[in-house]
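Asks: The structure under discussion is supplied below as structure tokens; questions concerning it will follow.
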Amino acid sequence: MANRTIIELNNKIEQKTITPSQILQECSQEIDRAEDELNAFVTVLPKESLEAAKKSGKRAELGKRLSKLDGIPVGIKDVFCTKGIRTTASSKMLDDFIPIYDATVVKKITDAGAVMIGKNNCDAWAHGASTENSDYGVTKNPWDLSRVPGGSSGGSAAAVAAGECLFSIGSDTGGSIRQPAGFCGVVGLKPTYGRVSRYGLIAMGSSLDCVGPIAMTTEDVALILEVIAGHDEKDATSLNLPVPKYSDKLTKSIKGKKIGWVNEFYETGLNDEIIKALEAVREVYASLGADFIEIKLPHAKYSIPVYYLIQPAEVSSNLGRYDGIKYGHSAAKSENLIDHYFRSRDEGLGAEAKRRIMLGTFVLSAGYYDAYYKKAMQVRTLIKQDFEKAFESVDIILAPVAPTTAFKIGEKVDNPLQMYLADVFTAMVNLSGNPALSLPCAFDKQKLPIGMQLIGKHFEEETVLNFGHQYEKATEKVVWRNNKTVI
Ligand code: GLN
């Protein structure tokens, strides 16, 4: 199913030239062929997906399809609770955890008729930028098997790029949808914080976590967002705002619209080929009649230190519940209750989770709270205000997704600080809460995809998607999807 889109398959199901079971079969063949090498899934669901596809086929025959996603295979990042289906967060701590309820996003997607084909691999607890932190092995990049797919939603992006499913649902706390989408040459959206319910998402950083889709095109992403967005009474941070029909707004002209360009982004450590690619994007938008305005985000340069103080603080709190007693890994032997906590957590959690718990506990501790956590929260406000000010004069901001293209497996794994820098263009958007789309715009000399990022105003996903779609339409001649992945 590589190089096909949801829109295309939806039309074929409607015209009865393909059935959901046939689509599933093709995706399953890709999984059989590629999975040993790729490792994009922790769990594959052959029985459940077959049954769901058959039911979807019946609905199609009766002309009673539930939505355009009805019969379309989807991968779900293994950080979303799925009723009766193992959910590990790619950590041994939850190796045998079987949730008793569905995350809201899973419920919405399956209620719309999509066929869950499996649970995607990711960095354990979504901590990482390469999917090397998974306790279930690294996922490889389908464009070059010696490289990482990005992270933490690396399995989700790799599975879509390799045609193992047509779309996937990921989570983005500091870039985890957009960066892997960029590394794998697919499209990923981090919606505005509060746009999509987080209920049933295994929490990483609760004030930063966003749930969003990964697919082959912006059109497909718009379609998925229509299904998953909206208020959920089970998530107090989800907003009660109407959900626009995103797919109707894609074709609006962007003539006369203003795009923000941040010179500082191109001055520090950004790979030359990415700079050239973004300059070429600029020309495409200029040819569509959009104007570029130079803007400043003076506090963006603090986003990595700020993110790596606030996020571990929230991680240390959210991971506190894994004590070896309520659920999750429980040590086989222990001396007493306290010892049991220590052993269960020591055995169940990996090095990266431990690093973040220690850092987070430290910055929240008396004596250091004011100097680190509180200060970071103050700078977070300044970063948010920078965006608000910028959006007084522009409709959207164009930015890189990551400072490099997909790096080699093992290259940064022993150097957490280097790994953290992979989030330099994405984490600031989680701190400010804005929506942002990552989509492929070029290839580097090594034939690895280069991503671009479109950042929008709060709750203006439609603008971000509109700009993404206009770019895809304008550049159809050099379309990335015609290139074959290696897997
Ligand atoms: N790479 C970032 C981190 O390690 C982002 C992770 C995420 O968005 N889940 O924290």
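Since every read-out is calculated from the coordinates, none of them should be taken as a lab result. What you see is a predicted model, and the numbers here were worked out from it, not measured in a lab. Virtual Cβ from ideal backbone geometry, glycine too; neighbours counted across all protein chains shown.
Asks: With the radius of gyration and the Kirkwood radius both derived from the Cα set of region 86-243, what is their ratio Rg to Rh? Provide the component values of the computation, followed by the final result.
Replies: Numbers: Rg = 14.4 Å, Rh = 15.4 Å.
Checking Rg against Rh, the ratio lands at 0.94.
Asks: Same structure, new question: Put +1 on the Cβ of every Lys and Arg and -1 on every Asp and Glu Cβ in the chain; which of Ala427, Phe292, Asn271 then has its Cα farthest towards the positive end of the dipole?
Replies: Of the candidates, Phe292 comes out farthest on the positive side.
Asks: Here is a follow-up. Starting from the amide H of Met116, placed 1.01 Å from N in the peptide plane, find each other amide H under 5 Å away whose residue is 5 or more places distant or on another chain.
Replies: The list, which skips near neighbours in sequence, is Val74.
Asks: How large is ³J(HN,Hα) for each residue in region 442-449, as worked out from phi by the Karplus curve 6.51 cos²θ - 1.76 cosθ + 1.60 (θ = phi - 60°), to whole Hz, x for Gly and Pro?
Replies: 5, 10, 8, 5, 8, 6, 9, x
Asks: When the helices in the chain are scored as -39500 (n - 2.57) per DSSP H run of 4 or longer and the sum is shared across all residues, what 222 nm value do you end up with, to the nearest 500 deg cm²/dmol? Spell out each step's value before the answer.
Replies: Details: 15 runs with 177 residues, N = 487.
Result for the chain, helices only: -11000 deg cm²/dmol.
Asks: Please give every one of the lysines within straight-line cross-link reach of Lys384, meaning a C-alpha to C-alpha distance under 24 Å, and leave out same-chain neighbours fewer than 8 residues apart.
Replies: Output for Lys384: Lys190, Lys257, Lys258, Lys296, Lys301, Lys374, Lys375, Lys457.
Asks: Round to the nearest 0.05 the FRET efficiency obtained for Glu335 and Tyr101 when R0 = 41 Å and r is the Cβ-Cβ distance. Let's see the in-between values first.
Replies: Numbers: r = 35 Å, r/R0 = 0.85.
Rounded to the nearest 0.05, the efficiency is 0.75.
Asks: How much length is gained on full extension from Leu288 to Lys354, taking 0.36 nm per residue of separation minus their Cα-Cα distance? If you can, show how the numbers build up before the last one.
Replies: Details: separation 66, 0.36 × 66 = 23.76 nm, distance 4.89 nm.
Extra length from Leu288 to Lys354 when fully extended: 18.9 nm.
Asks: Take the Cβ-Cβ distance between His231 and Leu66 as r, set R0 to 22 Å, and report the resulting FRET efficiency rounded to the nearest 0.05.
Replies: Numbers: r = 20 Å, r/R0 = 0.93.
Computed FRET efficiency for His231 and Leu66 comes out at 0.60.
Asks: Another question about this same structure. Can you spot the lysines whose alpha carbon is less than 29 Å from Lys58's alpha carbon? Ignore those fewer than 8 places along the same chain.
Replies: Once the sequence-local lysines are set aside, what remains near Lys58 is Lys12, Lys16, Lys47, Lys68, Lys77, Lys83, Lys107, Lys108, Lys119, Lys245.
Asks: Here's something else I'd like to know. Which value in nm describes the separation of the simple spin-label points at Phe342 and Tyr368, placed 7 Å from the Cα toward the beta carbon?
Replies: Once both label points are built, they end up 2.0 nm from each other.
Asks: Continuing with this model, one more query. Calculate the length of the line joining the C-alpha centroid of region 198-251 to that of region 297-319, in whole Å.
Replies: Between the Cα centres of region 198-251 and region 297-319 lies a distance of 23 Å.
Asks: Taking the Cα centre of each part, how many Å lie between region 46-106 and region 327-368?
Replies: Their Cα centres are 32 Å away from one another.
Asks: Work out, step by step, the length gained on full extension between Val243 and Ile325: first 0.36 nm times the residue separation, then minus their alpha carbon distance; give nm to one decimal.
Replies: On the way: separation 82, 0.36 × 82 = 29.52 nm, distance 4.04 nm.
Here the answer is 25.5 nm.
Asks: Here is a further query. Restricting the count to DSSP beta bridges whose residues both fall in the chain, what percent are antiparallel, rounded to a multiple of 5?
Replies: Details: 30 of 45 bridges.
The answer is about 65 percent antiparallel.
Asks: Residue by residue through region 173-179, what is 3J(HN,Hα) from phi via Karplus (6.51 cos²θ - 1.76 cosθ + 1.60, θ = phi - 60°)? Round to whole Hz and write x for glycine and proline.
Replies: 9, x, x, 5, 9, 6, 5
Asks: When the Karplus curve 6.51 cos²θ - 1.76 cosθ + 1.60 is applied with θ = phi - 60°, which whole-Hz ³J(HN,Hα) does each residue of region 271-279 get, with x for Gly and Pro?
Replies: Running phi through 6.51 cos²θ - 1.76 cosθ + 1.60 with θ = phi - 60° gives 4, 4, 5, 6, 4, 4, 4, 5, 5 Hz.
Asks: While we're here: Please order Leu309, Leu225, Leu359 by the number of other Cβ within 10 Å, starting at the fewest.
Replies: Values: Leu309 22, Leu225 25, Leu359 18.
With the fewest neighbours first, Leu309, Leu225, Leu359 line up as Leu359, Leu309, Leu225.
Asks: Using modelled amide H (1.01 Å from N, peptide plane; none on Pro or chain starts), what sits under 5 Å from the amide H of His231, excluding residues fewer than 5 places away?
Replies: Those qualifying (amide H under 5 Å, at least 5 residues apart or on another chain) are Leu241.
Asks: Taking the Cα centre of the chain as origin and charging only Cβ (+1 Lys, Arg; -1 Asp, Glu), how large is the dipole, in debye to the nearest 20? Please report the intermediate quantities before stating the final value.
Replies: On the way: 58 positive and 60 negative charges, 142 e Å.
Dipole magnitude for the chain comes out near 680 debye.
Asks: Additional query: Restricting the calculation to Cα positions, tell me the Rg (one decimal) and the Dmax (whole number) of region 1-102 in Å.
Replies: So, for region 1-102, Rg and Dmax equal 15.0, 46 Å respectively.
Asks: Length gain on complete extension for the stretch Gln378 to Asp36, per 0.36 nm per residue less the alpha carbon to alpha carbon distance? Numbers along the way, then the final one.
Replies: On the way: separation 342, 0.36 × 342 = 123.12 nm, distance 4.65 nm.
Taking 0.36 nm per residue and subtracting the Cα distance, the gain is 118.5 nm.
Asks: Taking 25 Å as R0, compute the FRET efficiency from the Cβ-Cβ separation of Lys255 and Tyr302 and round it to 0.05. Can you show the working numbers first?
Replies: Working: r = 36 Å, r/R0 = 1.43.
Plugging the Cβ-Cβ distance into 1/(1 + (r/R0)^6) gives 0.10.
Asks: Which lysines have a Cα lying under 23 Å from the Cα of Lys333, excluding residues fewer than 8 positions away in the same chain?
Replies: By straight Cα distance, Lys333 reaches Lys92, Lys354.
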